[in-house]
Amino acid sequence: MGISNLIKNLKVSTKAHFIMVLPILLLIIGGFGSLRVQWKFVSIAKDLCVAQRARAQSVSDISRATADYRSAETRYVMVPDPQAIQAARQEMTVYRSRIEDNIHALEQSEASQDVFDATRRFLTSWQNYAILNKATLDAIQQGRTNEGRDFFWKELPAFDQVTSALGNLQAVEKQANANKVADMEHSYNYVRILTIIVTILAILLSLLIANIMIKAVVQPLGIITNALAELAEGNMDVKVALDPREDEIGTLLDTLNTFRDRMRNAEKQKQMELDSLFSGIGEALEGLRNCDLTTRIRGNLSGSFSEIQENFNDSLNILEQTVSQIIKSAENIQNGASEIRQASDDLSQRTEQQAASLEETSAAMEEISKTVDQAAVGAKDAKQMIDKVRGEAEKSGDIVHRAIDAMAKIESSSNEIAQIISIIDGIAFQTNLLALNAGVEAARAGDAGKGFAVVASEVRALAQRSAEAAKDVKEKITASAGEVDGGVVLVNETGQALQRIVSQVHELGKRATEAAAMAEEQAVGLKQVNTAVSEMDGVTQQNAAMVEESTAAARNLANETIAMMEQVSMFKLGNGNTRQFASTPAVTSAPKKPAARPASRSSAKSAPAKAAAKPNPAPKPMADDDWSEF
């Protein structure tokens with residue numbers, strides 16, 4: 001309870017700082033542990049990446065150099081060629097130097113004790129091998145080849161020890177690397193466990209802080225919010241069930257209580273002023289119901305109620321002034337309506353006289369229009385008859401042209417038949433010659449050709465008859481062609497005569513068309529004039545009707561003005577209520593009817609007359625009462 005009260009009385013800003021500091025501390029702790037492990041990782045990585053790579057390179061170089069050295073030594077001992085021996089000697093020198101340099105590098109590098117011991121064992125085995133190798137090289141150099149070869153074979157166990165020590169060194173290096181990897185895995189597990197622990201602590205701490213904040217801040221704020229909502233709904237007796245406290249929420253609680261008390265007092269004051277305002281408005285409306293425009297809202301109100309009082313009183317002042325102005329305007333309207341009524345009566349009489357004159361003019365124009373229409377109809381009939389004659393003449397011309405074409409075709413056919421007859425005549429002549437030749441040949445043949453001679457004689461006779469018939473036909477066709485030529489000439493002359501007749505008929509039709517068009521134009525013009533006169537008549541009748549309506553409207557206006565004066569006379573004004581107004585008697589005479597008109601003889605004129613507006617009925621007479629007093 002002590003910690004809870006302590007947290008409850010802390011400032012909200014202190015609580016917020018406390019909430020921010022705890023996660024930061026957790027982050028610092030977790031970050032420090034992570035950095036420490038990372039530094040260890042970096043150290044191990046350096047060992048693995050730098051020292052391991054250098055030592056691995058040195059061991060690899062030693063392994064290759066020892067193998068190469070042994071190979072060069074074999075050539076040096078076994079090959080009898082002096083040049084090969086010299087070359088092998090130089091290679092051995094290079095390989096020995098390389099091996100010794102890498103051994104020195106291994107001794108200088110940092111490593112575990114196991115790696116260092118393995119390196120010393122390899123160095124010892126190499127030194128033992130080098131002593132035996134020196135004896136072999138000296139024997140070969142001194143010319144004791146067989147002795148040197150014996151020493152060479154005795155070196156083999158020592159070289160095997162070198163190879164074994166080198167393999168042991170590589171195995172130890174591998175084990176050392178495995179140990180370092182194990183250290184890294186151990187560090188990783190440590191970081192993982194540390195991270196889990198920090199996360200769990202952060203979650204628990206966050207839950208604890210959230211619980212504390214809910215009890216210390218969120219729940220009190222919810223209670224205050226509900227109280228404010230009830231206060232906004234008009235509940236001025238709302239109470240907040242919270243203990244006194246010294247933080248911002250306690251200050252907010254005190255402010256809320258103070259605001260509630262002030263709102264309660266203000267509501268009481270507002271209700272009192274509202275009752276006073278409604279009482280004043282009720283009295284003023286009662287006065288208005290009694291037509292008293294001098295009534296006003298009395299009393300001294302404050303705030304917005306004072307503005308309402310001022311606006312209401314100003315509205316009544318404006319209404320009083322408006323009614324006074326309406327009374328003055330009604331007097332002026334009555335005088336103007338009387339003058340308009342007199343002018344409308346005079347205009348109505350003049351309009352009726354003008355309408356009668358236009359009616360007579362319209363009747364005369366209608367008679368003239370009928371006469372011109374009859375002339376136009378006659379011209380149209382003459383034009384139609386001429387058009388028919390011209391059509392018949394044109395048809396006759398077409399027939400003549402077709403006859404000429406037929407005669408030409410007959411002439412062409414006759415010529416073709418004459419040519420065919422000439423061909424037949426030629427064929428008959430050729431047949432006759434062939435028959436003569438056949439007779440000659442039959443005579444030469446003797447008794448054997450008698451039958452053929454008879455046939456040839458018959459053929460010759462037939463050819464002669466065909467030639468004679470063709471000659472007769474040709475003569476008749478020639479005579480027919482002459483007759484056809486004469487007929488063609490006569491038909492051509494007939495066609496020319498008909499063409500002249502058609503041209504004259506066409507000219508006559510053109511003149512008749514012009515005459516008919518002129519007659520139609522005159523008829524249309526007269527119809528337009530008649531229509532215009534009829535329209536003027538209709539407009540005049542409409543004007544007369546409108547004048548009558550205006551007169552009736554003027555009478556109605558005067559009567560309505562009198563009625564309005566009687567209505568406003570009941571109002572009580574501030575400048576006195578005994579004003580006298582002289583009334584004029586209401587107009588009772590009905591509007592004059594239009595003058596009698598002659599019967600219309602044109603359908604075009606009757607339409608506007610029907611469309612003319614009818615005059616309104618006369619207003620009802622009013623009593624000759626005097627103006628009411630104000």
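Using 0.36 nm per residue and subtracting the Cα-Cα separation, the extra length available between Asp138 and Asp387 on full extension is 73.9 nm. Once a ≥ b ≥ c are taken as the square roots of the eigenvalues of the Cα gyration tensor of segment 398-477, is the result rounded (a/c under 1.5), prolate (a/b larger than b/c) or oblate (a/b not larger than b/c)? Because a/c hits 1.5 or more and a/b exceeds b/c, segment 398-477 counts as prolate. Taking GluC sites (Glu not before Pro) across segment 60-125, the ones in a DSSP loop with at most 13 further Cβ atoms lying within 10 angstrom of their Cβ are Glu110. Stretching Arg89 away from Glu560 to a fully extended chain increases their span by 154.5 nm, per 0.36 nm per residue minus the current alpha-carbon distance. Evaluate E = 1/(1 + (r/R0)^6) for Ser503 and Gln430, where r is the Cβ-Cβ distance and R0 equals 56 Å; express this FRET efficiency to the nearest 0.05. Efficiency, rounded to the nearest 0.05: 0.45. For the pair Phe259 and Asn226, the difference between a 0.36 nm per residue extended length and the Cα-Cα distance amounts to 10.4 nm.
Calculate the FRET efficiency for His104 and Thr199 from the Cβ-Cβ distance with a Förster distance of 56 Å, rounded to the nearest 0.05. The formula returns an efficiency of 0.65 here. Projecting label points 7 angstrom from Cα along Cα→Cβ for Asp117 and Val323 puts them 13.1 nm apart.
Read the figures in this text as sums done on the coordinates, not as results from a lab. Predicted model only: the values in this text are computed from it and were never measured. Because the Cβ atoms are built from the backbone with ideal geometry, glycine has one as well, and the counts that use them run over all protein chains shown.
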